[in-house]
1. I need the full set of residues from the range 148-169 which are touching a residue at least 12 places away in the same chain (Cβ under 8 Å), among the small types (Gly, Ala, Ser) and part of a loop (DSSP other than H, G, I, E, B), in order please.
2. Take the range 262-277 and flag every residue that is outside any helix (DSSP H, G or I) and either more than 15 Å from residue 221 (Cβ to Cβ) or modelled with pLDDT of 95 or more (or both).
3. Name the single residue, out of those in the range 43-53 being surrounded by 22 or more Cβ atoms within 10 Å (Cβ to Cβ) and of a type in the set (A, V, I, L, M, F, W, C), that is farthest from the chain's Cα centre (by Cα).
4. Among the residues in the range 122-137, are any touching a helix residue (DSSP H, G or I) at 6+ places or on another chain (Cβ under 6 Å) and under 29 Å from residue 192 (Cβ atoms)?
5. Looking at the structure I just gave you, is residue 161 within 14 Å of residue 75 (Cβ to Cβ) and either surrounded by 15 or more Cβ atoms within 10 Å (Cβ to Cβ) or out of contact with any Phe, Trp or Tyr (no Cβ under 9 Å at 6 or more places or on another chain) (or both)?
6. Any residue in the range 276-291 that's over 14 Å from residue 242 (Cβ atoms) and in contact (Cβ under 8 Å) with a residue 12 or more places away in the chain: show its pairings with residues that are open to solvent by less than 70 Å² (accessible area, probe 1.4 Å) and in a loop (DSSP other than H, G, I, E, B) at Cβ separation under 9 Å, as long as the two are six or more apart or on different chains.
7. Looking at the range 51-62, which of its residues are over 20 Å from residue 107 (Cα atoms) and assigned to a helix (DSSP H, G or I)?
8. So, in the range 253-274, how many residues would count as being farther than 18 Å from residue 196 by Cβ and open to solvent by less than 40 Å² (accessible area, probe 1.4 Å)?
Amino acid sequence: LLDRVVSPAVTESVACLQQTFDGASGVTAASDHACTANVEAALNFMALLGSAAACRGGRCSQTADEIASCLVQVACNGSSSAFAFKSLEIEAQQHPILDPASLAFVLPAAAFGSMLSVKNGGPFWRQRIIHKTLPILMKTLQEQATSRSPPALGSLAVVAHMLCSVSQTHLGESKIRQMIPTLIAGLVYFSKNLDVIAQDDKATKGLDVLSIILAALTKILRISPEDVTKFVGVIIPSLLLLSTCNASKRYTPNQLIALQCLEIVTTHPNARNAVLREKDQVTAALSVIVDHPSKIIRQAVVHVRNVWFTL
């Protein structure tokens with residue numbers, strides 16, 4: 001099924017999407033959207049097949065390994081033995097959320113995330129998948145560590161999905177500490193460019209990446225806050241920007257998670273001084289949006305502001 005049906009479908013849909021990136025004549029906004037939807041559907045089916053194979057185990061595990069490795073390779077590097085996206089131009093990587101080709105790297109990362117989020121199967125298949133894919137991710141992060149550009153969206157999304165869906169035991173504490181700087185860099189980048197995402201209808205995939213970044217940060221702040229102690233002075237201003245944005249309704253879920261993180265960080269056991277330094281700024285900024293149009297946001301803002309007031 002993978003060789004006869006899934007791989008040809010993915011290759012065909014990716015080739016169509018590549019034409020939109022290259023500015024081929026006759027490509028309209030409607031066809032652009034259709035190509036993206038086709039790629040997303042094909043990759044999601046590929047991930048579904050991979051998760052089913054992983055849960056079944058036995059010889060099927062090799063199929064799961066192949067699919068997971070393929071998705072992570074494309075998300076991180078743009079290419080695998082099965083299919084490839086075009087390489088990012090240097091100019092595009094300076095501001096990846098404005099480049100559709102950059103956002104396309106999020107699609108295989110999201111498909112990989114859907115594999116990891118499956119709850120069925122035995123206790124070891126997820127550990128096997130991580131064993132196969134983690135070296136690919138870590139190599140990419142090491143290569144990107146020297147770059148002054150924002151983190152590539154594909155590898156950033158893979159980092160967030162792994163931190164969200166995989167236990168600390170399977171990832172290892174040292175690997176988690178190597179991933180966290182990428183996660184924080186992504187948080188800072190999105191907080192500074194949220195207005196671009198909020199105003200651009202084509203940037204919905206960017207909001208998806210932000211969602212998984214915030215979800216991963218929530219988990220870390222709850223389970224292992226000591227891993228982000230040295231980043232608290234950066235995390236709080238970024239969360240404040242994300243919490244006080246007056247964006248459209250589609251941003252509301254992200255805003256709620258950002259407010260939740262802003263509340264959780266006040267309980268950090270090793271960053272009391274850093275939190276208190278930000279108290280006045282946080283309470284003042286939250287006071288400005290207590291009249292937010294959304295009732296659920298107003299309630300969350302009042303609650304979080306009260307938590308900060310009582311520090």
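1. 149, 152
2. Initially, the range 262-277 is screened for residues outside any helix (DSSP H, G or I), giving 268-271.
Once the filter is applied, which keeps residues that are outside any helix (DSSP H, G or I) and either more than 15 Å from residue 221 (Cβ to Cβ) or modelled with pLDDT of 95 or more (or both), the range 262-277 yields nothing.
3. Ranking the candidates gives 53 first.
4. Of the range 122-137, the ones touching a helix residue (DSSP H, G or I) at 6+ places or on another chain (Cβ under 6 Å) are 125, 127, 129-130, 132-133, 136-137.
With the extra rule that they be under 29 Å from residue 192 (Cβ atoms), the set shrinks to 136-137.
Scanning the range 122-137, I find at least one residue that is touching a helix residue (DSSP H, G or I) at 6+ places or on another chain (Cβ under 6 Å) and under 29 Å from residue 192 (Cβ atoms), so the answer is yes.
5. Yes: the conditions hold for residue 161.
6. Once the first residue is over 14 Å from residue 242 (Cβ atoms) and in contact (Cβ under 8 Å) with a residue 12 or more places away in the chain and sits in the range 276-291, its partners that are open to solvent by less than 70 Å² (accessible area, probe 1.4 Å) and in a loop (DSSP other than H, G, I, E, B) give 276/311; 279/311; 288/244.
7. First, pick out the residues of the range 51-62 that are over 20 Å from residue 107 (Cα atoms): 53-62.
Within the range 51-62, 53, 54, 55, 56, 60, 61, 62 qualify.
8. Residues of the range 253-274 farther than 18 Å from residue 196 by Cβ: 253, 256-257, 259-274.
Restricting the remaining residues to those that are open to solvent by less than 40 Å² (accessible area, probe 1.4 Å) gives 259, 261-262, 264-266, 268, 271, 274.
The number of residues fulfilling the criteria is 9.
The values are calculated or read from the model by the stated rules, or taken from the named source; none is laboratory data. This structure is a prediction, so every number in the text was calculated from the model and none was measured. With ideal geometry, Cβ positions are generated from the backbone for all residues, glycine too; neighbour counts draw on all protein chains shown. Only protein heavy atoms, including side chains, enter the accessible area calculation; ligands, DNA and RNA are left aside. Shrake-Rupley method; radii C 1.70, N 1.55, O 1.52, S 1.80 Å.
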